[in-house]
Amino acid sequence: MNYATIKKRDIADGPGVRVSLFVSGCTHRCPGCFNAVTWDFDYGEPFTPAVEDLILEYLAPDYVNGLTLLGGEPFEPQNQRALLPFLRRVRAAYPQKTIWCYSGYTLEQLTGESRARCETTDEMLSLLDVLVDGRFVQEKKNIRLRFRGSENQRLIDLNQTRATGKIVLWDA
C-alpha cells in the first residue's frame, strides 16, 4: 500500500487533535472529491514499518485524541490488508485513543456483499470507533456539516452499533 500524506496534527477529521493517514487508491472516483490525487494506488510513498513507527510516535502525546484514516479509500481490499496489522498495533499501544475511518462504502456494503468485503473487513471494522460512511455526493455538499462533506454521509458510532445491534450515529 502507498500513502499520500500524514498529518501529524489534524483538527478537521474527527474530534480533538488527531493524526491523519491519507492512503492511496480509490475506485469510487466521486465527482468533486477533495483529494482526487489519492485515487491512484501508486501515488505517494510506500507504507512501511518505519512509517507505522513514525505514526505511533505521533500518537504518543496525551493531547492527541486518536488516529483518522482517509484517502483514497481505506477499505479497498489491498489497503485493508496493509492497514489491519497496523491498526492492531495502534489499538494495542493506545487503547484509550479513538480510531476514525472515512469510507465511500456504507456500513451495509462493508458488512454485506460488495467489492470491498474481504477476509480482513470484519476485524478492521472491529478496531474502529467511528466510521464516516458513504460516497461524497457533490449535489449534497454542505460545508456546515461537522466532519463530513455531503449530507448523505453518516458518522456511525461503531462501539454503540456493536453493543445495540443497530446503527447508532455518533454524537459529539
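The values are calculated or read from the model by the stated rules, or taken from the named source; none is laboratory data. Keep in mind the model is a prediction, meaning the values are calculated, not measured. Don't worry about glycine lacking a Cβ; one is built from the backbone with ideal geometry, like all the others, and counts go over all protein chains shown.
Residue by residue through region 110-124, note down the ones that are surrounded by fewer than 18 Cβ atoms within 10 Å (Cβ to Cβ) and under 12 Å from Glu76 (Cβ atoms). First the steps, then the outcome.
At the first step, the residues of region 110-124 found to be surrounded by fewer than 18 Cβ atoms within 10 Å (Cβ to Cβ) are 111-115, 117-119, 122-123.
Scanning region 110-124 gives Ser114, Arg115, Arg117, Cys118.
Count, please, the residues in region 32-52 that happen to be surrounded by 12 or more Cβ atoms within 10 Å (Cβ to Cβ) and in a helix (DSSP H, G or I).
The number of residues fulfilling the criteria is 6.
Are any of the residues in region 135-144 closer than 18 Å to Arg162 by Cα and either touching a strand residue (DSSP E or B) at 6+ places or on another chain (Cβ under 7 Å) or not hydroxyl-bearing (Ser, Thr, Tyr) (or both)?
no
I'm told Thr164 meets every condition in (1) modelled with pLDDT of 95 or more; (2) closer than 20 Å to Ser20 by Cα except one. Can you identify the failing condition by its number?
(2)
If you check Leu107, Leu84, Leu127, Leu131, which single one turns out to be surrounded by fewer than 21 Cβ atoms within 10 Å (Cβ to Cβ), closer than 20 Å to Cys26 by Cα, free of Cβ contacts under 8 Å to residues at least 60 places away in the same chain and not basic (Lys, Arg)? Let's see the steps before the verdict.
On the way: Leu107 fails: free of Cβ contacts under 8 Å to residues at least 60 places away in the same chain; Leu127 fails: closer than 20 Å to Cys26 by Cα; Leu131 fails: surrounded by fewer than 21 Cβ atoms within 10 Å (Cβ to Cβ).
Answer to the selection: Leu84.
Val19 is checked against (1) in contact (Cβ under 8 Å) with a residue 40 or more places away in the chain; (2) surrounded by fewer than 19 Cβ atoms within 10 Å (Cβ to Cβ); (3) within 14 Å of Ile99 (Cα to Cα); (4) not small (Gly, Ala, Ser) and fails just one. What number does that condition carry?
Checking Val19 against (1) in contact (Cβ under 8 Å) with a residue 40 or more places away in the chain; (2) surrounded by fewer than 19 Cβ atoms within 10 Å (Cβ to Cβ); (3) within 14 Å of Ile99 (Cα to Cα); (4) not small (Gly, Ala, Ser), the one that fails is (2).
Checking the condition within 13 Å of the chain's Cα centre (by Cα), farther than 15 Å from Leu128 by Cβ and not polar (S, T, N, Q), which residue from Gly66, Gly14, Gly112, Gly72 passes?
Just a single option satisfies the conditions, and that option is Gly72.
Hey, among the residues in region 63-72 that are touching a helix residue (DSSP H, G or I) at 6+ places or on another chain (Cβ under 7 Å) and not in a strand (DSSP E or B), which one's surrounded by the most Cβ atoms within 10 Å (Cβ to Cβ)?
Checked region 63-72; the qualifying residue surrounded by the most Cβ atoms within 10 Å (Cβ to Cβ) is Gly72.
Being crowded, with 16+ Cβ neighbours inside 10 Å, of a type in the set (S, T, N, Q) and touching a residue at least 60 places away in the same chain (Cβ under 8 Å) narrows it down to one residue among Thr161, Thr98; which is it?
Checking each option against the conditions leaves just Thr98.
Considering every residue within region 42-61, establish whether at least one is closer than 25 Å to Asn152 by Cα and touching a strand residue (DSSP E or B) at 6+ places or on another chain (Cβ under 6 Å).
Initially, region 42-61 is screened for residues closer than 25 Å to Asn152 by Cα, giving none.
No, there is no match, as no residue in region 42-61 is closer than 25 Å to Asn152 by Cα and touching a strand residue (DSSP E or B) at 6+ places or on another chain (Cβ under 6 Å).
Here's the yes/no breakdown for (1) in contact with a helix residue (DSSP H, G or I) (Cβ under 9 Å, 6 or more places away or on another chain); (2) in a loop (DSSP other than H, G, I, E, B); (3) of a type in the set (Asp, Glu):
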| residue | (1), (2), (3) |
| --- | --- |
| Gly14 | no, yes, no |
| Cys30 | yes, yes, no |
| Leu54 | no, no, no |
| Pro61 | no, yes, no |
| Pro74 | yes, yes, no |
| Ala82 | no, no, no |
| Pro85 | yes, no, no |
